[in-house]
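Okay, handing you the structure first.
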Amino acid sequence: MSAAAGRVLQTAGLKPDLARTLSAEFAAPVLPAGPVDPHAEPLASYGATAEVVVTSGRLGLHPSALEALPALRAVVSFGVGHDTIDVAAAAARGVVVSTTPDVLTDCVADTAVGLALDAMRRLSAADRWVRAGGWDSGRDFPLARRLSGARVGILGLGRIGRAIALRLEAFGCRVSYHNRRPVPGVPYAYAASPLALASSVDLLVVAAAGGTAAAPLVGRAELEALGPDGFLVNVGRGSVVDETALVDLLRSGGLGGAGLDVYAAEPHVPEALRTLDEVVLLPHLASGTVETRADMARLVLENLRTWLAEGRLVTPVHVSTP
Ligand code: 8YV
């Protein structure tokens, strides 16, 4: 019997090898994702003793789990985003939350650059065109837009935003940014608002975490400001962009193109986007390499082991003050 038996629960749907380790090493029963029933298993047996829930950014933690787990003290999450976990409500109950920062920064930034190149140079669209026999027909593929030297705005200059900026500097891009607060010591121009940023760039890259803000940071006005020759890349969260306005503007030619890894209601991708050649659609895979996902799983286990042994988390989320 594991010494941790009864102390750890895991949310259904985690990376299979992580789930296996949680079962084998911590005897962690599986909690269904979504609303929990305190009278059903595993809560009927473990609800009173479970101190830690292991989950992911995608699976999140349903508010009902906070209520149903009186002994809960920590939520250990796979992924850096925590918009699916109410960190403030957890903190109010004395529950701390950890995520997996840093280890996924490079892969997410690589994906953002890939999306920027693909959307502006129309690589996926050209690939489809070759496969469909467009080249055989003797026609030329339409000219695309240059990323090298472009003016790029980064929305959210955290770890990932900075890694994207660094990569784009190597492309000779002129980088500017908007962030909740200016970041000291960076060589990039600060724009006072998302609209000011969008108005002054060729490419807007969203690297901001989805928050609880009522209105998306990138709304119709910001997309219109990017304009028919402008491009949007989103590796942050779908909730940061007004998806309806995005679809409208891409359809009408009011926006040049987009590269998206995240959507408002994943895994739903609006039908209209699927039919547009100007948009590159990825299934939220920015951190999805064998190496990075293994690093993320290792950091989850490090947080869990450290919590169980020492009562502290290695990479806790700091609750932000307004
Ligand atoms: C994760 C992500 O892989 O880390 C994040 O915030 O969006 C992804 O890269 C995913 O959230 C894990 O569930």
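The values are calculated or read from the model by the stated rules, or taken from the named source; none is laboratory data. This one's a predicted model, so the numbers in the text were calculated from it and none came from an experiment. Cβ placement follows ideal geometry from the backbone for every residue including glycine, while neighbour counts extend to all protein chains displayed. Surface accessibility is based on the protein's heavy atoms, side chains included, excluding ligands, DNA and RNA. Shrake-Rupley method; radii C 1.70, N 1.55, O 1.52, S 1.80 Å.
Here's a check for you: in the stretch 126-171, which residue that is in contact with a Phe, Trp or Tyr (Cβ under 9 Å, 6 or more places away or on another chain) and aromatic (Phe, Trp, Tyr) is surrounded by the most Cβ atoms within 10 Å (Cβ to Cβ)?
Trp129
Just for the stretch 100-136: of the residues that are among the charged types (D, E, K, R) and at positive phi, which one is nearest to the ligand (Cβ to nearest atom)? Walk me through how you get there before you give the answer.
Narrowing the stretch 100-136 to residues among the charged types (D, E, K, R): 102, 106, 110, 118, 121-122, 127-128, 131, 136.
Narrowing further to those that are at positive phi: 102, 122.
Details: Asp102: 11, Arg122: 25 Å.
Out of the qualifying residues, it is Asp102.
While we're here: Of the conditions (1) within 16 Å of the chain's Cα centre (by Cα); (2) assigned by TED's automatic domain parsing to the domain that holds Gly238, Ser98 satisfies every one except a single condition; which number is it?
Of (1) within 16 Å of the chain's Cα centre (by Cα); (2) assigned by TED's automatic domain parsing to the domain that holds Gly238, only one is false for Ser98: (2).
Separate question: Whether any residue in the stretch 103-126 is at pLDDT 95 or above, part of a loop (DSSP other than H, G, I, E, B) and within 21 Å of Leu301 (Cα to Cα) is what I want to check. Step through it out loud before you land on a result.
So the first thing to find is which residues in the stretch 103-126 are at pLDDT 95 or above, and the list is 103-126.
Those left that are additionally part of a loop (DSSP other than H, G, I, E, B): 103-104, 122.
Now restrict to residues that are within 21 Å of Leu301 (Cα to Cα): 103-104.
Yes, there is a match, as at least one residue in the stretch 103-126 is at pLDDT 95 or above, part of a loop (DSSP other than H, G, I, E, B) and within 21 Å of Leu301 (Cα to Cα).
Follow-up question, since we're still on this one. Which pairs turn up if I take residues in the stretch 39-52 that are free of Cβ contacts under 8 Å to residues at least 40 places away in the same chain and look for partners that are outside any helix (DSSP H, G or I) and exposed (fewer than 13 other Cβ atoms within 10 Å of the Cβ) with beta carbon separation below 8 Å, at least 6 apart in sequence or on another chain?
What qualifies is Leu43/Asp37; Gly47/Pro70; Ala48/Pro70.
Which condition number does Ala294 fail, the rest of (1) within 24 Å of Thr100 (Cβ to Cβ); (2) open to solvent by less than 10 Å² (accessible area, probe 1.4 Å) being met?
Checking Ala294 against (1) within 24 Å of Thr100 (Cβ to Cβ); (2) open to solvent by less than 10 Å² (accessible area, probe 1.4 Å), the one that fails is (2).
Filter the stretch 80-99 for residues that are open to solvent by 40 Å² or more (accessible area, probe 1.4 Å), away from the ligand (no atom under 16 Å from the Cβ) and β-branched (Val, Ile, Thr) and give the result.
Across the stretch 80-99, the qualifying residue is only Val96.
Output the residue which, of all residues in the stretch 15-60 that are open to solvent by less than 30 Å² (accessible area, probe 1.4 Å) and at positive phi, is nearest to the ligand (Cβ to nearest atom). Steps first, please.
We begin by selecting, within the stretch 15-60, every residue open to solvent by less than 30 Å² (accessible area, probe 1.4 Å); these are 18-19, 22, 26, 28-29, 31, 34, 36, 42-43, 47, 50, 52-57, 60.
Then keep just the ones that are at positive phi; that gives 34, 60.
On the way: Gly34: 15, Gly60: 9 Å.
Of everything passing the filter in the stretch 15-60, Gly60 is nearest to the ligand (Cβ to nearest atom).
Moving on to the next point. Which numbered condition trips up Arg305, out of (1) open to solvent by 50 Å² or more (accessible area, probe 1.4 Å); (2) in a loop (DSSP other than H, G, I, E, B); (3) away from the ligand (no atom under 16 Å from the Cβ)?
Failing condition for Arg305: (2).
I'd like the residue in the stretch 5-14 that is surrounded by fewer than 18 Cβ atoms within 10 Å (Cβ to Cβ) and of a type in the set (A, V, I, L, M) and, out of all such residues, is farthest from Leu308 (Cα to Cα).
Of all residues in the stretch 5-14, those surrounded by fewer than 18 Cβ atoms within 10 Å (Cβ to Cβ) come to 5, 12-13.
Checking which are of a type in the set (A, V, I, L, M) leaves us with 5, 12.
On the way: Ala5: 11, Ala12: 21 Å.
Per the stated criteria, the residue is Ala12.
Considering only the stretch 257-291, state which residues are of a type in the set (Ser, Thr, Tyr) and buried (at least 19 other Cβ atoms within 10 Å of the Cβ). I'd like the intermediate steps shown before the answer.
Quick first cut of the stretch 257-291, residues of a type in the set (Ser, Thr, Tyr) only: 263, 275, 287, 289.
Scanning the stretch 257-291 gives Tyr263, Ser287.
Would you check if there is a residue in the stretch 276-295 being within 16 Å of the ligand (Cβ to nearest atom) and more than 27 Å from Leu123 (Cβ to Cβ)?
Among the residues of the stretch 276-295, at least one is within 16 Å of the ligand (Cβ to nearest atom) and more than 27 Å from Leu123 (Cβ to Cβ), which makes the answer yes.
Give the residues of the stretch 24-71 that are β-branched (Val, Ile, Thr) and within 20 Å of Thr306 (Cβ to Cβ), sorted by residue number.
The first filter runs over the stretch 24-71 and keeps only residues β-branched (Val, Ile, Thr), leaving 30, 36, 49, 52-55.
Passing the criteria: Thr49, Val52, Val53, Val54, Thr55.
Same structure again: Given the conditions (1) among the hydrophobic types (A, V, I, L, M, F, W, C); (2) open to solvent by 10 Å² or more (accessible area, probe 1.4 Å); (3) away from the ligand (no atom under 13 Å from the Cβ); (4) at pLDDT below 95, which single one is not true for Ala71?
(4)
Could you tell me which numbered condition Tyr188 fails, if it satisfies all but one of (1) within 18 Å of the chain's Cα centre (by Cα); (2) within 16 Å of Ala112 (Cβ to Cβ); (3) of a type in the set (Ser, Thr, Tyr)?
It is condition (1) that Tyr188 fails.
Moving to a separate point now. Are there any pairs, at least 6 apart or on different chains, whose C-beta atoms fall under 6 Å, with the first in the stretch 253-269 and within 16 Å of Glu224 (Cα to Cα) and touching a residue at least 40 places away in the same chain (Cβ under 8 Å) and the second open to solvent by less than 40 Å² (accessible area, probe 1.4 Å) and assigned to a strand (DSSP E or B), and if so, which?
Final answer for the pair search is Gly256/Phe231; Gly257/Phe231; Ala258/Leu232; Ala258/Val279.
Suppose we filter Ala144, Ala116, Ala132 for residues that are among the small types (Gly, Ala, Ser) and within 22 Å of Ala286 (Cα to Cα); which single one remains? Walk me through how you get there before you give the answer.
Numbers: Ala144 fails: within 22 Å of Ala286 (Cα to Cα); Ala132 fails: within 22 Å of Ala286 (Cα to Cα).
Only one candidate passes the filter, namely Ala116.
Something else now. Can we say Gly219 is within 25 Å of Asp83 (Cβ to Cβ), within 16 Å of the ligand (Cβ to nearest atom) and of a type outside the set (Phe, Trp, Tyr)? Before the answer, list the steps.
Values: within 25 Å of Asp83 (Cβ to Cβ): yes; within 16 Å of the ligand (Cβ to nearest atom): no; of a type outside the set (Phe, Trp, Tyr): yes.
No: the conditions fail for Gly219.
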